[in-house]
Every structure is written in structure tokens, then in C-alpha cells.
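Asker: The structure's right below; bear with me while I get my questions together.
The values are calculated or read from the model by the stated rules, or taken from the named source; none is laboratory data. These numbers were taken from a predicted model, which means no experiment stands behind them. Positions of Cβ are generated from backbone atoms using ideal geometry, with glycine treated the same way; all protein chains shown enter the neighbour counts.
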Amino acid sequence: MRRHWAFGLLATLVICAWHYSTPLLAHDPPPKPTSTTHTIARRTADGPTCRLKLSLVDHETGQPLPGVVQILDHEDHLVELPILVSRGQGIEQIGPIHNWWVLAEPTVLTVPAEEISLNAFSGLETERAHQHLDLTGKTEASLEICLVRFARQTERGQLAGNTHLHLMKLSRDEADRYLREVPLADGLEIVFLSYLERAQADLEYTSNKYTREDLDRLEHGRLRWGTGEEHRHNFGPQGEGYGHLLLLDIPHVIRPVSIGPGITKQGTDAPPLQAGINEARRTGGKVIWAHNIFGYEDIPNWVTGRVDANNIFDGSARGSYKDTYYRYLNVGLHVPFSTGTDWFIYDFSRVYVATDRSLTPTQWLARLAAGNSFITNGPLLEFFVDYSSAGGTIDLKQPGTVEAQGSAVGRHDFKRIELIANGRVIDSAPAKREGDHYVATLNATPTIDEPTWLALRTPPPPVKDDPELQEPVGQNEYGGNLFAHTSPIYVTLQGQGVFDSATAQGLIVEMNSDWQKIEQQAKFANAVERERVERVYREGIEVLEQKLRERSR
């Protein structure tokens, strides 16, 4: 038993609660702008108060854990904890995330001297602790909450990263504290803070003011910082244009950062994003497409081999896996899955990459680009096919079976895991409750009689106006619809990979359509600018048309 500090009238409590109550906020719907339906009635610690030293520890090792907490009074009103960072800091739309505070280290809090209840967890790896505490008549107390861990991702060789983060409208001190504490509490280990520009609005982009040296000073423990920029184009202030992408681990800002009068309020809709992509690749950087289906220039840059990974659920839920990932994979591309959170860390969204050692941001990006990854905002996945993991390739000399093993574990009910082959669900296994978390295990021996890519996922979140994707999914504490998906394992047959002609023809049709939309909206100074943008689409179309000709022969 640890020796606790003491003075005055002190109550010292060590709570290692192995069985916790049902989560209070797990089934709240996702946040909506200007809505207050997800807030709990709040109060400050008025009246008699108690100074409570609160800490979180690992139930097995006793080591301190950073995490998030909430405290409710005897009427279930949320107690404000102004000494801590609000987990919803900077997020304007009110939602469940605003009901939590970051406890990065043991801290003395001022709370009502009455019966209270506490909820706490750390990242994605612990169950949620729920504990009642009677502080009536006490002025000082100490409480150590032991958190039950059901996963240890770093020890399993999985490093969590966020590829897309910006901050705005914070003071420098507020931003420094946010960057030191929030990733730590969420269990992130590598975060990329990116520069971006928008006429006038970027004067309030706090993250733009950070230098490499500033970020080096914020590194501590296992948390490391990478840099880059968001390179983008819109028709109109927020309308769809060429798209948004992340140029990461680049040695300098690549200009123009933003393209077109829709964002910059000046100039023309040139050059294409591809010019920035080419410069980033020339300087050794990595390119990640942002916002899934948003933008016209994703397809031509993917089919010509210029993009390293594809983000989904990074700031918005635009489309689903089948709209991008599955189509690209079905024309033979190797597409690593990735994600981030864009403005503030509004969810647990992250991408894990496999490693057997500590990694720098540069090394981590290289593993991500190789496809050794899975994405999640809750369930933690593990997937092998014939002992190969995500990003690997298995070459069969003749049709036969392979052994697929998959598992998932998470704090909330993710319903099931699904084995995906060339975009289709071919097997599944239900999630079952164990203690106060959920697990699922799948073992399958699918027959491979054609080139195939295989992946493991949880059910995809609902997508507006898509009748195939309307099944509700579970939600995490911050109101996010649960998702998880591994990058693929590729199974070639006699050296041949996947190539679906119908999908290729559909992508060609879409590139032609996107160019027509650009012609109708774009402002070019001359024929040279127009030709430079059009060439991007011609090249992409030619690549797929050549592959179709080769297949027909």
C-alpha cells in the first residue's frame, strides 16, 4: 500500500474496483451543432468543499496513468473542474466530450463535501471505473482509482498516431497545455500538427505558430510530434474542389499551401494539388489524402501512385470504405488505412502501426505507408492470414485455402467483427462481454480461387442516404460512432493481384465527370493553367485504360 500525503482532516481511499457500473454516456448520439441535449446539468463546487487529491493507476502495476474523469454530485449534476483541461476544449458543438476533464497526473481538486460519484478511464485500453464516495464533513481526502486494463498496445508493438490535427482560437499557454495533456490522456504516441492557410481566418490558427523547436519542447514520455501542412483547394469557402490532403514530414512549407479564390480570396484555380504532392515526394515527405471522398483529385493521384495512405473520419463522416478504399483495392492498388481528427482531438480516432521498437515520426510514417496499420476510435484489432499481418502479401501457386485469424477488444459493444474479401463480408463473429469490456474472436479458412485482398473490420457507421449502411453502431464516451478496420493483406494467385474491370471503368467515368465539373467552375488565367490541371485527369484515365487493355489481352 502506498503512503499517502496527509494534513488536517484527511480521508485516504484506494479504490481498485473490478466491477463497474454501466457506462453513463456510451449510448449518447453523436454531437450536433448548437445542441445542448448531451450536456449534464452542471454546478460549481459551491457550499462546503473538500480538497480531493485524485490519481489514476494501473490495476496490475500500480503505476500512474493519465486519463479523463468526471465527477457528479448527489443529484447527478456534473461538477465543473476548472483546474483541469476540459476534454472538449475548443470544440464548439456541444456533445458528450464536454462532460470529461483531463487528469494527466495526480491533482488536488476542489469538490463538494457531500456524496459524489466518479467515472474515469484511460485511452482505449482500460475499462471505465465508476465509484461512489461520501465526503460529507471532510475538508481533505485522497483517492486513488485503479483502472483495469484489457489491452497494452505498446507492449504488443502497436503505436497510435493522429495524422491530422490543427488548433485555433487558443492562447499559447492554453494550446501548450492542450498538446501536452490531451494526447497523453488518450493514449496517442505520435501526432502530426499541420500548418494550413485560409484568408483572414488563419490569423486565429494557433497551431500555425508552432515551430519544430516548440514541438520538441512539448515531447515527453512516449509522445512525439510530427509536422506538415494541409494542402487544399475548394470551390467557394467550403465547397468541394480538388480536395484536401496532408503533406507530412516535409522539410519546409510547400507553397501555395491553399489554392484558389475559394480559400485564398485571390488568384486562380491553379496549380493542381498534384504539384504540391510531387514536391512533397521529392523532398522525402509522405502524402495522405484527407476526408475520404471529399474532392476530385483523389482518384487520379491514387491510380498514378502518388498517395501513401487514405484518411477516413478525419473531421467528418464523408462516405464509407466502399466509396474509396474498396474501389482502389479492387483495381490493384495497395491502400493503407489512416485517420486523424482535423480540428482538435474531438474523438479517439487514430491509426496504429505495427513495430518492434520505438519509432520517430518519419519511421512511423514509413510503416503506415507500407500498410502495417489499422484504424479505430474504440475497438482494438488483431489480424493475421497464414501468419502475415496487415500490409503483407501471400502468393498462392494455385487455388486453395488460407487461415485467417482475427480478434477485437474494446470498452463498448462493437457488435461483431467481419472478415472482408474484395469488399464483401465473408465471415463474422459476435462481440461478447467479458467483465466490463467486449471481445470477439474469428477463425476462418476461406477458399481463394482468384486474387483477393482480405481485411478485418467492425460494422461500418451509418452513412446518410446510403440504404446499405443504416445499421446503428455503438458509440464511445465522446459520442463517436464506433469504427475499426485493418489495412489489407494481399493474396496473389500465380503472381497476379486483384483487378476488377468494372471498377476500373467506373473510376474512369468518375474522373471524366470530375474534370467536367472543374471546367464548369474553375477560373484559369490562361490555357497553360487549364492544361496543367486537365493533365492530372488525362494521366489517371490513361493509366486505367492501359490496365484494361492489358487485362483484355
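Asker: Identify all residues within segment 393-411 that are of a type in the set (A, V, I, L, M, F, W, C) and either crowded, with 18+ Cβ neighbours inside 10 Å or in contact with a helix residue (DSSP H, G or I) (Cβ under 7 Å, 6 or more places away or on another chain) (or both); write none if there are none.
Answerer: Passing the criteria: 396, 402, 404, 408, 409.
Asker: Here are some conditions: (1) in contact with a Leu (Cβ under 7 Å, 6 or more places away or on another chain); (2) assigned to a loop (DSSP other than H, G, I, E, B); (3) assigned by TED's automatic domain parsing to the domain that holds residue 311. Residue 180 meets all but one. Which one does it not meet?
Answerer: Residue 180 satisfies all of (1) in contact with a Leu (Cβ under 7 Å, 6 or more places away or on another chain); (2) assigned to a loop (DSSP other than H, G, I, E, B); (3) assigned by TED's automatic domain parsing to the domain that holds residue 311 except (2).
Asker: Something else about it: Scan segment 144-157 and tell me whether some residue there is more than 21 Å from the chain's Cα centre (by Cα) and in a loop (DSSP other than H, G, I, E, B).
Answerer: Scanning segment 144-157 turns up at least one residue that is more than 21 Å from the chain's Cα centre (by Cα) and in a loop (DSSP other than H, G, I, E, B).
Asker: When residues of segment 218-247 are filtered for being buried (at least 16 other Cβ atoms within 10 Å of the Cβ), touching a Gly at 6+ places or on another chain (Cβ under 9 Å) and either of a type in the set (Asp, Glu) or closer than 26 Å to residue 266 by Cα (or both), how many remain?
Answerer: Matching residues across segment 218-247 total 15.
Asker: What are the residue pairs meeting all of these: first residue in segment 181-192, first residue at positive phi, second residue aliphatic (A, V, I, L, M), Cβ atoms under 9 Å, and 6 or more apart or on different chains?
Answerer: Qualifying pairs under 9 Å: 187/124; 187/160.
Asker: Turning to a different aspect of this structure: State whether the residues of segment 115-136 include one that is hydroxyl-bearing (Ser, Thr, Tyr), surrounded by fewer than 18 Cβ atoms within 10 Å (Cβ to Cβ) and either assigned by TED's automatic domain parsing to the domain that holds residue 211 or without any contact (Cβ under 8 Å) to a residue 40 or more places away in the chain (or both).
Answerer: Yes, some residue in segment 115-136 is hydroxyl-bearing (Ser, Thr, Tyr), surrounded by fewer than 18 Cβ atoms within 10 Å (Cβ to Cβ) and either assigned by TED's automatic domain parsing to the domain that holds residue 211 or without any contact (Cβ under 8 Å) to a residue 40 or more places away in the chain (or both).
Asker: Tell me which residues, restricted to segment 440-457, are buried (at least 19 other Cβ atoms within 10 Å of the Cβ) and within 25 Å of the chain's Cα centre (by Cα).
Answerer: Those that are buried (at least 19 other Cβ atoms within 10 Å of the Cβ) and within 25 Å of the chain's Cα centre (by Cα): 440, 442, 453, 454, 455, 456, 457.
Asker: Please find, among 535, 530, 551, the residue that is in a helix (DSSP H, G or I) and touching a Ser or Thr at 6+ places or on another chain (Cβ under 9 Å).
Answerer: Going through 535, 530, 551 in turn, the sole match is 551.
Condition check ((1) among the polar types (S, T, N, Q); (2) part of a loop (DSSP other than H, G, I, E, B); (3) closer than 30 Å to residue 524 by Cα) across all residues:
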| position | (1), (2), (3) |
| --- | --- |
| 184 | no, no, no |
| 188 | no, yes, no |
| 197 | no, yes, yes |
| 202 | no, no, yes |
| 214 | no, no, no |
| 217 | no, no, no |
| 224 | no, no, no |
| 231 | no, no, yes |
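Asker: For segment 158-177, name all the residues that are part of a helix (DSSP H, G or I) and either touching a strand residue (DSSP E or B) at 6+ places or on another chain (Cβ under 8 Å) or modelled with pLDDT under 95 (or both).
Answerer: Hit for segment 158-177 is 177, nothing else.
Conditions tested, residue by residue: (1) surrounded by 20 or more Cβ atoms within 10 Å (Cβ to Cβ); (2) more than 24 Å from the chain's Cα centre (by Cα).
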site: 413; (1), (2): yes, no
site: 470; (1), (2): no, no
site: 489; (1), (2): yes, no
site: 516; (1), (2): no, yes
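Condition check ((1) surrounded by fewer than 15 Cβ atoms within 10 Å (Cβ to Cβ); (2) of a type outside the set (Asp, Glu)) across all residues:
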| site | (1), (2) |
| --- | --- |
| 148 | no, yes |
| 153 | no, yes |
| 176 | no, no |
| 194 | no, yes |
| 200 | yes, yes |
| 208 | no, yes |
| 216 | yes, no |
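Asker: Those residues that are under 24 Å from residue 185 (Cβ atoms) and among the polar types (S, T, N, Q), I need them from segment 124-140; list them, please.
Answerer: Within segment 124-140, 126, 131 meet the criteria.
Asker: Check every one of the helices (runs of 4 or more DSSP H) wholly within segment 272-329 and list those with 2 or more residues that are hydroxyl-bearing (Ser, Thr, Tyr).
Answerer: In segment 272-329, the matching helices (runs of 4 or more DSSP H) lie at 325-329.
Asker: Could we say that residue 509 is under 15 Å from residue 233 (Cα atoms) and among the hydrophobic types (A, V, I, L, M, F, W, C) here?
Answerer: No; evaluated as a whole, the condition is false for this residue.
Asker: I need the full set of residues from segment 96-110 which are of a type in the set (S, T, N, Q) and in contact with a His (Cβ under 9 Å, 6 or more places away or on another chain), in order please.
Answerer: 99
Asker: Which strands (runs of 3 or more DSSP E) sit wholly inside segment 1-118 and have at least 1 residues that are modelled with pLDDT of 95 or more?
Answerer: 49-58, 67-72, 101-103, 107-112
Asker: Just to be sure, is residue 353 of a type in the set (Val, Ile, Thr), within 20 Å of the chain's Cα centre (by Cα), more than 14 Å from residue 483 (Cα to Cα) and assigned to a strand (DSSP E or B)?
Answerer: Yes: the conditions hold for residue 353.
Asker: Still on this structure: Residue 390 - would you say it is under 23 Å from the mean Cα position of the chain (by Cα) and surrounded by 20 or more Cβ atoms within 10 Å (Cβ to Cβ)?
Answerer: Spelling it out, residue 390 is indeed under 23 Å from the mean Cα position of the chain (by Cα) and surrounded by 20 or more Cβ atoms within 10 Å (Cβ to Cβ).
Asker: Report, by residue number, each residue of segment 369-379 that is crowded, with 24+ Cβ neighbours inside 10 Å and closer than 14 Å to residue 157 by Cβ.
Answerer: 373, 374
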